[in-house]
Amino acid sequence: MTETYTYSDGGTERDRLADRGDASATGEHTRTRDAAGAESTSVDERTESEQITTCPECDGRLATDTEHGETVCSDCGLVVEEDSVDRGPEWRAFNSGERDSKSRVGAPTTNMMHDKGLSTNIGWQDKDAYGKSLTGRQRRRMQRLRTWNERFRTRDSKERNLKQALGEIDRMSSALGLPDNVRETASVIYRRALGENLLPGRSIEGVATASLYAAARQVGNPRSLDEFTAVSRVEKMELTRTYRYVIRELGLRVQPADPTSYVPRFVSRLDLSEETERRARELLDDAANAGITSGKSPVGLAAAAVYAAALLSNEKVTQSQVSDVADVSEVTIRNRYKELLDASGTVSA
């Protein structure tokens, strides 16, 4: 059996050796076999690694229709590819509960865990796959396996440090009601501080608290230093000193806290109306335009704005109640209250 190449223009294979690049580009030859006499394959077929990005007819932009499994040109309507493989799950879910129960993959990687969630966890329930309770011997064996599993998850002192710090960040975030994006940002900041060797001479709790405080301000969900001090295991002075050191060494750009970011939380805790929140924001905007907010505590300004807005909205709230929620003194509220009303041109009651 012999194998020859016949070209559409009558040329021979030897004539085409020097011009193989052009021949492969035009794709005008076919392969024939003498024995079979009928088999032919087109060399114009694209390899799997090649991706079609433009329409072969008009060079238009291609769009993928996942519902029908087709790739269509958005300009001329040519169907370039059909019956594409659906790489999604074969099941359907109509709520988050069904999605979680039917999913067969693990949780995504996260910086909030020292191993980014890639290690194996042994459940604390002493039950087998069928829900039956384990025997006493099996429970002791599982407890030993859990102990060794925890030891193997942290290979060196650096990972143990990171595990303790991220646990501290998670504890404080839960106590302060901070969302997951703040925890994620704080974990990244702490990882950077650990990678650049900023921890010697400073406590793990101090750097973890400073990272969380910086993350809360970066994300736009700040908390006051007093609130952090209440849930942290470090003093306020150490927290402020470590915070300044971390942002300076890491080159973090943290904008001054906006007083309006505290208003929704104070209004919610005092159970006030949306009208009060809107008026509080207007008072703070007027004060910022007048230039009286510089050098003043944003927490005190927000507390005074909420108190003034509540009075203007005829809602009953006392300075003591606002002071307890905002964790500022009543004297501060009274002083800022008068300044806000003067800046807005409103006569104080």
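Can you give the Rg to Rh ratio for segment 81-149, taking only C-alpha atoms and Rh from Kirkwood?
Radius of gyration over Kirkwood radius for segment 81-149 works out to 1.14.
Under a Cβ-Cβ cut-off of 14 Å, what is the net charge of the residues other than GLU205 that fall near it, where Lys and Arg count +1 and Asp and Glu count -1?
For residues surrounding GLU205, the net value is +2.
With a 1.4 Å probe and every protein chain left in place, work out the accessible area per residue of segment 157-250 in Å², rounded to a whole number.
For segment 157-250, the solvent-accessible area averages 44 Å² per residue.
Could you tell me which GluC sites (Glu not before Pro) in segment 167-259 are loop residues by DSSP with no more than 14 other beta carbons within 10 angstrom of their beta carbon?
Counting only loop positions with at most 14 other Cβ atoms within 10 Å, the GluC sites (Glu not before Pro) in segment 167-259 are GLU196, GLU235.
What lysines does LYS102 reach when the alpha-carbon gap must be under 26 Å and sequence neighbours fewer than 8 apart in one chain are set aside?
The reachable lysines, counting only those whose Cα sits under 26 Å from LYS102, are LYS116, LYS127, LYS132.
Any chance you could check the Cα centroid distance between segment 157-204 and segment 290-331 for me, in angstrom?
So the separation of the two Cα centres works out to 32 Å.
If you filter segment 240-347 for trypsin sites (Lys or Arg not before Pro), then keep DSSP loop positions with at most 10 other Cβ within 10 Å, what is left?
Loop-located and lightly packed - ARG253, LYS316.
Starting from the alpha-carbon convex hull of segment 259-344, give the projected area averaged over all orientations, in nm².
Averaging across all directions leaves 4.5 nm² for the Cα convex hull.
When only DSSP loop residues count, what chymotrypsin sites (Phe, Trp or Tyr not before Pro) in segment 130-175 have their Cβ near at most 13 other Cβ atoms within 10 Å?
Here the chymotrypsin sites (Phe, Trp or Tyr not before Pro) that fit, given the DSSP loop and packing criteria, are TYR130.
Enumerate the lysines that LYS338 could reach by cross-link, defined here as Cα to Cα under 20 Å, with residues fewer than 8 away along the same chain left out.
Within reach: LYS296, LYS316.
From the backbone phi of segment 215-221, what are the Karplus-calculated ³J(HN,Hα) couplings (6.51 cos²θ - 1.76 cosθ + 1.60, θ = phi - 60°) in whole Hz, Gly and Pro given as x?
Karplus-based 3J(HN,Hα) across segment 215-221 equals 5, 4, 6, 5, 6, x, 10 Hz.
Would you mind telling me the share, in percent, of accessible area of segment 170-234 contributed by carbon and sulfur at probe 1.4 angstrom?
Here it works out to 46 percent.
Based on the Cα gyration tensor of segment 157-250, what are the three equivalent ellipsoid semi-axes, each the root of five times an eigenvalue, rounded to whole Å and given largest first?
Listed largest to smallest, the semi-axes of segment 157-250 are 18, 14, 13 Å.
Using heavy-atom solvent-accessible surface (probe 1.4 Å) with all chains present, what is the largest-first order of SER203, SER74, SER268?
Solvent-accessible surface, decreasing: SER268, SER74, SER203.
Ranked from highest to lowest mean number of other Cβ atoms within 10 Å per residue, what is the order of the peptides 308-315, 131-138, 270-277, 54-61?
308-315, 270-277, 54-61, 131-138
The values are calculated or read from the model by the stated rules, or taken from the named source; none is laboratory data. Model, not experiment: these values are computed from the prediction. Positions of Cβ are generated from backbone atoms using ideal geometry, with glycine treated the same way; all protein chains shown enter the neighbour counts. Accessible surface is based on the protein model in full, side chains and every heavy atom, while ligands, DNA and RNA are left aside. Shrake-Rupley method; radii C 1.70, N 1.55, O 1.52, S 1.80 Å.
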